[in-house]
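Have a look at the structure below, then the notes.
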Amino acid sequence: MKQQAPLYDFFTADHRRIEKIFSEAIKDTNNVDLEKYHEFRVGLLTHIKMEEKILFAAAQQANGGAPLPLQAKLRLDHGALTSLLVCFPAPQVIEMIRHIMEQHDILEEEQGGMYEACEKLTRQEREQILEDLKRVTPVPVHPFNKASYVLEVAKRSAKRAGFDFDVF
Ligand SMILES: [Fe+2]
Ligand SMILES: [Fe+2]
């Protein structure tokens, strides 16, 4: 019998949902559907909030207070994505988001990845976590900041996460 993995399933389904909204929004990268893109920003930021504040937090607690090995890297990715979402979705920004999201989701979803580790550690708290996830409210997003330094800030935070877009 396949072992139940409701948290893994929940977060993986949310990745697919967000990817779909993203690809709809950026069908034409020179003319992004800004309404869809707004939906994407809310979806991704809310997903990150659910991970940081609920799933990873519960796993860390169940791990005796010690962060899981992947946690620092994933947090840096979240930081990079969050700062990229402040930028206007120019083709270059979209490419960076697409690249980071792709690599990031693998680390969470793959066998032995973050979701599996969290699921194992939090078996006792599973019902509570699912309850908490249901109660999460969407993250409010701010208008884009079109200043050029914002992209530089985003690139720096991507670099901290191991993505060098100056040589991209
Ligand atoms: Fe994540
Ligand atoms: Fe995720």
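Points worth noting:
- Residues satisfying the stated conditions in segment 1-38, i.e. modelled with pLDDT of 95 or more, under 22 Å from ASP132 (Cα atoms) and not small (Gly, Ala, Ser): PRO6, LEU7, TYR8, ASP9, PHE10, PHE11, THR12, ASP14, HIS15, ARG16, ARG17, ILE18
- Of all the numbered requirements in (1) of a type in the set (A, V, I, L, M, F, W, C); (2) surrounded by 12 or more Cβ atoms within 10 Å (Cβ to Cβ); (3) part of a helix (DSSP H, G or I), PHE165 misses one, and that requirement is (3).
- None of GLU95, GLU125 is surrounded by 13 or more Cβ atoms within 10 Å (Cβ to Cβ) and more than 25 Å from LYS159 (Cα to Cα) except GLU125.
- Against the criterion of being within 20 Å of THR46 (Cα to Cα), surrounded by 12 or more Cβ atoms within 10 Å (Cβ to Cβ), out of contact with any helix residue (DSSP H, G or I) (no Cβ under 6 Å at 6 or more places or on another chain) and of a type in the set (A, V, I, L, M), LEU151 does not qualify.
- Single unsatisfied condition, VAL136 versus (1) outside any helix (DSSP H, G or I); (2) away from ligand 2 (no atom under 16 Å from the Cβ): (2)
- Complete set of residues in segment 14-33 that are within 20 Å of LYS49 (Cβ to Cβ) and loosely packed, with under 12 Cβ neighbours inside 10 Å: ARG16
- Selection from segment 32-53 of residues that are away from ligand 2 (no atom under 12 Å from the Cβ) and either closer than 24 Å to GLU116 by Cβ or not in a helix (DSSP H, G or I) (or both): VAL32, ASP33, LYS53
- Taken over segment 62-119, the criterion of being farther than 20 Å from MET50 by Cα and within 14 Å of ligand 1 (Cβ to nearest atom) is satisfied by no residue.
- Checked against the criterion of being small (Gly, Ala, Ser), outside any loop (DSSP other than H, G, I, E, B) and free of Cβ contacts under 8 Å to residues at least 24 places away in the same chain, the candidates ALA72, ALA117, ALA80 yield just one match: ALA72.
The values are calculated or read from the model by the stated rules, or taken from the named source; none is laboratory data. Owing to the predicted nature of the structure, the values given are computational and were not obtained by experimental measurement. For neighbour counting, all protein chains shown are included, and Cβ atoms are generated from backbone atoms with ideal geometry for every residue, glycine included.
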